[in-house]
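Student: The following block contains the structure, expressed as structure tokens.
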Amino acid sequence: MSIEIRVLQALRLKGRAVPEDLAAAAGIDSVELTPVVEKLTADGSAEEARGKLKLTRPGREVLEGLLAHERGGVDQEALKSAYHDFDSHNSAFKQLVTDWQLKDGDTPNDHSDAAYDQAIVDRIGALDAEFAPLLERFVAIAPRLEPYPARFARALEKVRAGEHTWIARPMIDSYHTVWFELHEDLIGLAGLNRADEAAAGRAE
């Protein structure tokens, strides 16, 4: 699988990214990333602004072509079956995030109740274990998704170590960020769109 498509897609999903986050999302190290970024900036597919990289319009067009080619090589029946199984995990995770943010459905969680927060952390760990076999299926169907298990593992490790911003903070590679980006990848691979998925109640 081309590293270039991983880097371009990571830029699309993140909007703007520092090299460290971009490398993690693409599942490569900084040594591998450097020549790819140099190529993408040289050909106008990406540009740097204030220390962060972003995708350009020509880069989006290149990426769309690469993603369309990838989609054509994916076993859509296997993906459809796996995506169907994803729905219950996605619903469970959405509820977890809601429970992390709100207590009793309407009271903002001020995180003063350590037992309540720990129960959420434990639920995330249980969900992660239950979801792992399905994630392996997705990676087998679409090898470009291979970085996701390590990204989930890193976020969960941070959460279990007490760094609870790694549950749902949007500007880092939090568990929610990784989940959202995986879902976005699955939607694209299946030839769906987020608006329709949101209307069906399946989008975060």
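No lab work stands behind these numbers, since they all come straight from the coordinates. Owing to the predicted nature of the structure, the values given are computational and were not obtained by experimental measurement. When we count neighbours, we look across all protein chains shown, and the Cβ atoms used for this are built from the backbone with ideal geometry, even at glycine.
Student: What is the distance in Å between the Cα centroid of the stretch 24-71 and that of the stretch 109-169?
Tutor: First find each Cα centre; the distance between them is then 27 Å.
Student: Give the peptides 28-37, 134-143 in descending order of average Cβ contacts within 10 Å, highest first.
Tutor: Put in order of decreasing packing, that is 134-143, 28-37.
Student: Please list, ordered by chain and number, the residues whose modelled amide H lies under 5 Å from the amide H of Glu163; skip anything fewer than 5 residues away on the same chain.
Tutor: none
Student: Using the per-residue mean of other Cβ atoms lying within 10 Å as a proxy for protection, in what order, highest first, do the peptides 57-68, 181-192 fall?
Tutor: 181-192, 57-68
Student: At 4 °C and a viscosity of 1.567 mPa s, what translational diffusion coefficient does Stokes-Einstein give for the stretch 113-182, taking Rh as the Kirkwood radius over Cα pairs? Give it in µm²/s as a whole number. Numbers along the way, then the final one.
Tutor: Numbers: Rh = 12.5 Å.
The Stokes-Einstein estimate is 104 µm²/s.
Student: Multiply the residue gap between His111 and Ile3 by 0.36 nm, knock off their C-alpha separation, and tell me the result in nm, one decimal place.
Tutor: Answer, rounded to one decimal: 34.9 nm.
Student: If the cut-off is 16 Å between C-alpha atoms, which lysines fall inside it for Lys103, apart from same-chain ones fewer than 8 positions away?
Tutor: Lys94
Student: If I histogram all Cα-Cα distances within the stretch 3-70 using bins 5 Å wide from 0, what percent of pairs lands in each bin?
Tutor: Over the stretch 3-70, the share of Cα pairs per 5 Å bin runs 4, 20, 34, 28, 13, 2, 0 percent.
Student: Going by how many other beta carbons lie within 10 Å of each one, how would you line up Asp117, Asp104, fewest first?
Tutor: Asp104, Asp117
Student: Using all Cα-Cα distances in the chain, what percent lands in each 5 angstrom bin from 0 up to the longest?
Tutor: Cα pair-distance distribution for the chain, in percent: 1, 7, 15, 18, 19, 16, 12, 8, 3, 1, 0.
Student: Quick check on the exposure proxy: order Arg50, Arg6, Arg12 from fewest to most C-beta atoms within 10 angstrom.
Tutor: Lowest to highest Cβ neighbour count: Arg50, Arg12, Arg6.
Student: Can I ask one more? Any idea what angle helix 76-101 forms with the longest principal axis of the chain, computed on alpha-carbon atoms, 0 to 90 degrees, nearest 10?
Tutor: Tilt of helix 76-101: around 50 degrees.
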